[in-house]
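Below is one structure, written out as structure tokens, with a few remarks after it.
The values are calculated or read from the model by the stated rules, or taken from the named source; none is laboratory data. The model shown is predicted, which means the values in this text are computed figures rather than measured ones. Reconstructed Cβ throughout: ideal geometry from the backbone, glycine too, with neighbour counts over all protein chains shown.
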Amino acid sequence: MPNKFQIALLSALLALPATAAETPDSARAHHRTLRAIEVMGVKQDAKVEAAVAAVTQLRGKRLQQLGISAAKGLSEVAPNFFMPDYGSRMTSSIYVRGLGSRMDQPVVGLTIDGVPYLNKDSYDFDIDNIDRMEVWRGAQSVLNGRNAMAGQINIYTRSPWSGPRLRLMAGYGRGNTWRAGGVWRTRLSETVATSLSAYMRSSDGFFRNAATGARIDTERQGSARWKTSWRPSAHMSLTNTAAASVLRQGGFPYAEASTGTIARNDTCFYRRTTFSDGLTVSWAGRRIVATSLTSVQYLDDNMTLDQDFTTADMFTLTQKRREWGFTEDLFTRGSRGNYSWLGGVFGFYRPSTMNAPVDFKDQGIAQLIEHHRNQANPSYPISWHTRRFTLGSDFSMHNGGFALYHESKYAAGNWTVEAALRYDFEHNSLHWHSTCSTGYNTLHVLPDGTTEHYMSTPVDIDESGDMSMNFSQLLPKVAVSYRLGAIGDIYLNVAKGYKAGGFNVQMFSDVLQQKLMRLMGFGMAYKPEDVVSYRPETSWNYEAGAHLHGKRWTADATVFFIDTRNRQLTTFPAGSTTGRIMTNAARAHSCGVEASATWTPVDDLTIQASYGYTHATFRSYTSGGISYRGKTLPYAPAHTLFAAAEWSLPLKLSYAAVSAGANVRAAGPIWWDDANTLRQPFYATLGAHITIADGNDRWSLRLWGENLTDTHYSTFYFVSVGRAFLQRARPWQAGITIRYAFDVAY
């Protein structure tokens, strides 16, 4: 650990601005040291090929070749990594090695330039100015904490110090989809550089509402990012990144499974506005680097649903939320001889408010309330005063916590041993307020079948309450690796993962509905205390693998076994209800293999392939009196496959070179229910591109296609209010993307 002098010096450097600027010569002389600061400012290994973990990394040029501008594009490319495209961009479900979550807490963490994103509802976004993307698989909880039990996604944007001063991009594709973006970089001095990037996307979508004839998955989004780097001395570096985005989306193109038709009478949309600012400060001494990562985040979104997804006038849901997030991660790392270490402290605070009313309409009142009540007491049927009323729900939530973590590494010859431990504490509190003002008439059925008015009953509910939960976890990790000379290394690691618990706020409207039923003398289908909260999920991850490489090839292979306790599952309570809940299964197992390889048989040809297999089953889970032991966990594919070839064509023009590529993505089968009665079979899609570019990376023209086989498959399936729904994947797409750079050299 750093001594008192180092701590005091670090505090002074973080608190006071530098007054002395470097000369150009000194700045160039310290370039190597400053680059080390940038690398050491990242907690996970900078050289992913030597990491004691399964990692997939894609850099900027390869991302452009594959047309990847969002985390969803990494599906199948990273083996056993699956991020389906359904619902809206709020639905950022991720499945890795059989672990996953449809709502609330994710199983994979996300950082942008080292700053963690606290809410998975903001995971799905497009960004064009990417330097590299990484997918770390397996428990990454020691360094990344809560919700990284299955892996970690790291995205790094391009440095303002390198690249052309101005680069522009524009593209157009099927569905009247267009994209445009640009990045401007400049050096304000020898010690300060800044960049400003912007991105816009618009699409008319691919799915129509049969009830109105209009397309329902339209999307409009725009974002901007301002990144500034200041290097006041050879030992210190500061980087600040501010980003803002706006999204307006239709979404939720769910079709009835029995007809395959999307038809609904009420509007569905998702709207999101986000802002974030992250400051990274690194100071490098002779044997130690200290880093502070500070962030503030803001999320303002609105999800409005025709929640029965039909043309019936049943009920709609609006969920409006405003959320702030504050994080601080202060860590130091250093080395002495064969020993290296990293240690730090992390804290976060996330306050939010939510308004989530459910608006009951005529058929919803008739089918979900009156019908059930009148079946139970047909002699005294009821009739609602009005054919529309609202169940109001307001929430104030406060979520915060802190963590202490340490990792040590010791190298002895070809062996390297790692040991790490994290203590994580979290507090979660909820204040809820439920309201309803309505009423109903009770009738009396006479012997001759006619009815008479019996009584009128007003319903005025105004209730509130407070709930809180505390979670604490010790998260250990032990790993050992052995270097196989120049060919690579093999490794073994054991780590504990952790996913936080929480509150089922979407169930409060259903709890309020049950309260109405109880006031009418009709019993509740479940107890409220059984559905408004869920416990944390934990796992033990056992993994063995190898990183191998030769002159023209690289290969990675992994085998794993995961033992999960209190597995979090998204379910719908029994009966005709309006909400969904997160519940816990006692135990689940997941095991499988992963392999990936890259081969360059000749200079102009590169072949890449990756494959993942997962066998994930319930070991102890009973619901509704039915045991699901041995059943495959739903929504996670058993197989993922990716294969691609990139060929620089022999055709060499005087002003440009031509390259072409093709890829296959495949996944499945995917079970849709716990009982394993319905599934999406294994499917594959074809993508391709032809690119013409000059040799100086000044301009390029790319013709591309996705799902060129027009493969029909489902990305999501669920049952709500007794009806089954699914979402089909997008059809084939094709388009053109043009990039142009001005003033390539500074």
| note | Restricted to the stretch 706-718 and to residues being farther than 20 Å from PRO637 by Cα and touching a Leu at 6+ places or on another chain (Cβ under 6 Å), the residue surrounded by the most Cβ atoms within 10 Å (Cβ to Cβ) is LEU708
| message | Can you report the number of residues in the stretch 445-487 which are among the aromatic types (Phe, Trp, Tyr) and either under 25 Å from HIS547 (Cα atoms) or at pLDDT below 90 (or both)? | response | 1
| note | Filtering strands (runs of 3 or more DSSP E) wholly in the stretch 339-425 for at least 2 residues that are under 30 Å from THR450 (Cα atoms) and not acidic (Asp, Glu) gives 382-384
| field | From the options HIS372, HIS398, residue that is within 37 Å of the chain's Cα centre (by Cα), farther than 30 Å from ALA479 by Cα and surrounded by fewer than 17 Cβ atoms within 10 Å (Cβ to Cβ) | value | HIS398
| said: Can you find a residue that is closer than 21 Å to ALA636 by Cβ and either free of Cβ contacts under 8 Å to residues at least 40 places away in the same chain or surrounded by fewer than 17 Cβ atoms within 10 Å (Cβ to Cβ) (or both) anywhere in the stretch 719-734? | reply: yes
| message | Please verify whether THR564 is crowded, with 21+ Cβ neighbours inside 10 Å and at pLDDT below 70, treating the condition exactly as stated. | response | no
| request: State the number of residues belonging to the stretch 272-313 that are acidic (Asp, Glu) and in contact (Cβ under 8 Å) with a residue 40 or more places away in the chain. | output: 4
| task | Look at SER648 and say whether it is over 28 Å from PHE82 (Cβ atoms), among the hydroxyl-bearing types (Ser, Thr, Tyr), at pLDDT below 90 and surrounded by 14 or more Cβ atoms within 10 Å (Cβ to Cβ). | result | yes
| task | Test ALA667 against the criterion of being more than 18 Å from PHE252 (Cα to Cα), crowded, with 17+ Cβ neighbours inside 10 Å and out of contact with any Gly (no Cβ under 8 Å at 6 or more places or on another chain), and give yes or no. | result | yes
| field | Hits in the stretch 582-602 - residues which are over 24 Å from the mean Cα position of the chain (by Cα) and in contact (Cβ under 8 Å) with a residue 40 or more places away in the chain | value | ALA597, THR598, TRP599, THR600, PRO601
| Which is of a type in the set (A, V, I, L, M, F, W, C) and either surrounded by 18 or more Cβ atoms within 10 Å (Cβ to Cβ) or at pLDDT below 95 (or both), of ILE626, ILE607? | ILE626
| query | For the stretch 715-746, how many residues meet the condition of being part of a strand (DSSP E or B), of a type in the set (Val, Ile, Thr) and closer than 27 Å to ARG702 by Cα? | reply | 3
| Of all residues in the stretch 232-255, how many are more than 11 Å from LEU279 (Cβ to Cβ), surrounded by fewer than 21 Cβ atoms within 10 Å (Cβ to Cβ) and within 27 Å of the chain's Cα centre (by Cα)? | 5
| message | What are the pairs with Cβ atoms under 8 angstrom where one residue, in the stretch 193-222, is farther than 19 Å from GLN727 by Cβ and the other, located anywhere, is assigned to a loop (DSSP other than H, G, I, E, B) and among the aliphatic types (A, V, I, L, M)? Sequence gap at least six, or different chains. | response | THR194/LEU188; TYR199/ILE127
| field | In the stretch 33-63, the residues that are at pLDDT below 90 and either in a strand (DSSP E or B) or polar (S, T, N, Q) (or both) | value | THR33, GLN44
| task | Return the residue satisfying two criteria in turn: it lies in the stretch 578-604 and is outside any strand (DSSP E or B) and surrounded by fewer than 21 Cβ atoms within 10 Å (Cβ to Cβ), and of such residues it is modelled with the lowest pLDDT. | result | ARG580
| said: Residue pairs, Cβ under 6 Å, 6 or more apart or interchain, first in the stretch 128-141 and part of a helix (DSSP H, G or I), second crowded, with 23+ Cβ neighbours inside 10 Å and among the hydrophobic types (A, V, I, L, M, F, W, C). List them. | reply: SER141/ALA148; SER141/MET149; SER141/LEU475
| note | Selection over the stretch 293-313 where residues are more than 23 Å from ASP394 (Cβ to Cβ), crowded, with 22+ Cβ neighbours inside 10 Å and hydrophobic (A, V, I, L, M, F, W, C) yields a count of 2
| said: Of everything in the stretch 231-255, what is in contact with a Gly (Cβ under 7 Å, 6 or more places away or on another chain), hydrophobic (A, V, I, L, M, F, W, C) and part of a strand (DSSP E or B)? Give them in sequence order. | reply: VAL246
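Yes or no, residue by residue, for (1) under 30 Å from ASN80 (Cα atoms); (2) surrounded by fewer than 18 Cβ atoms within 10 Å (Cβ to Cβ); (3) touching a strand residue (DSSP E or B) at 6+ places or on another chain (Cβ under 6 Å):
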| residue | (1), (2), (3) |
| --- | --- |
| GLY151 | yes, no, yes |
| SER162 | no, yes, no |
| LEU168 | no, yes, yes |
| TRP184 | no, yes, yes |
| ARG187 | no, yes, yes |
| THR194 | no, yes, yes |
| PHE207 | yes, no, no |
| ASP217 | yes, no, no |
| TRP230 | no, no, yes |
| message | Which numbered condition in (1) assigned to a strand (DSSP E or B); (2) in contact (Cβ under 8 Å) with a residue 40 or more places away in the chain; (3) among the polar types (S, T, N, Q) is the only one that SER258 fails? | response | (1)
| message | Can you confirm whether MET103 is at pLDDT 90 or above and within 22 Å of GLN568 (Cα to Cα)? | response | no
| request: Considering only residues that are surrounded by 22 or more Cβ atoms within 10 Å (Cβ to Cβ) and of a type in the set (A, V, I, L, M, F, W, C), look in the stretch 126-141 and name the one that is farthest from TRP226 (Cα to Cα). | output: ALA139
| query | When you look at THR640, is it in contact with a His (Cβ under 9 Å, 6 or more places away or on another chain), crowded, with 17+ Cβ neighbours inside 10 Å and at pLDDT 95 or above, yes or no? | reply | no
